[in-house]
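Student: Got a structure for you, questions after.
The values are calculated or read from the model by the stated rules, or taken from the named source; none is laboratory data. For clarity, every value in this text was computed on a predicted model and none was experimentally measured. In this analysis, Cβ positions are derived from the backbone assuming ideal geometry, glycine residues included, and neighbour counts consider all displayed protein chains.
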């Protein structure tokens, strides 16, 4: 199935601010809910004001979605990072660090660091390989709060594939049924891998 082109208008709708970017990162990393290290079970977490963290509603333990990613320890706005990823992923002929600087408004030193970090994970020609790959879907965006998941108005379905202790791929789709997801798995996961999905 031909994939719908993801435009700058789609990007601005889905990621209007840093909070939306952080929420997307949280959902992408823990699509089935966050297992609290202290409670040892999936618990509800809420965003901690003025921090890039979420706290367990039961014990208050914090988790940090940026830890373990290319965003860890970065002082650059999350929206700027996401915009840079969008630019690099959607420019067919490639984009230089200098152009990234002009487009995002950061210093050249910051643009170069972002360019190197994003380039290290943005290689669509490499299949996810290894013994274990987790596959799941999520829904992002939307104009208002309320219903989540299937049937949520204005939400965009995204299929995520995670190589355990390895690479991650997220693909925007029109549907998340088996007829759509199975070809994506065959195209992006090396044959012989074990797939974990619900």
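Student: Any residue at all in the stretch 139-150 that's over 26 Å from residue 32 (Cα atoms) and either at pLDDT 85 or above or not in a loop (DSSP other than H, G, I, E, B) (or both)?
Tutor: Looking for residues that are over 26 Å from residue 32 (Cα atoms) and either at pLDDT 85 or above or not in a loop (DSSP other than H, G, I, E, B) (or both), one finds none in the stretch 139-150, hence no.
Student: For the stretch 88-110, enumerate the residues that are in a helix (DSSP H, G or I), modelled with pLDDT of 90 or more and either in contact with a strand residue (DSSP E or B) (Cβ under 9 Å, 6 or more places away or on another chain) or closer than 22 Å to residue 19 by Cα (or both).
Tutor: Scanning the stretch 88-110 gives 103, 104, 110.
Student: Please go through the stretch 70-106 and give me each residue that is within 18 Å of residue 48 (Cβ to Cβ) and in contact (Cβ under 8 Å) with a residue 12 or more places away in the chain, ordered by number.
Tutor: Scanning the stretch 70-106 gives 71, 77, 78.
Student: Residue 189: surrounded by 14 or more Cβ atoms within 10 Å (Cβ to Cβ), closer than 15 Å to residue 139 by Cα and modelled with pLDDT of 80 or more, yes or no?
Tutor: Spelling it out, it is not the case that residue 189 is surrounded by 14 or more Cβ atoms within 10 Å (Cβ to Cβ), closer than 15 Å to residue 139 by Cα and modelled with pLDDT of 80 or more.
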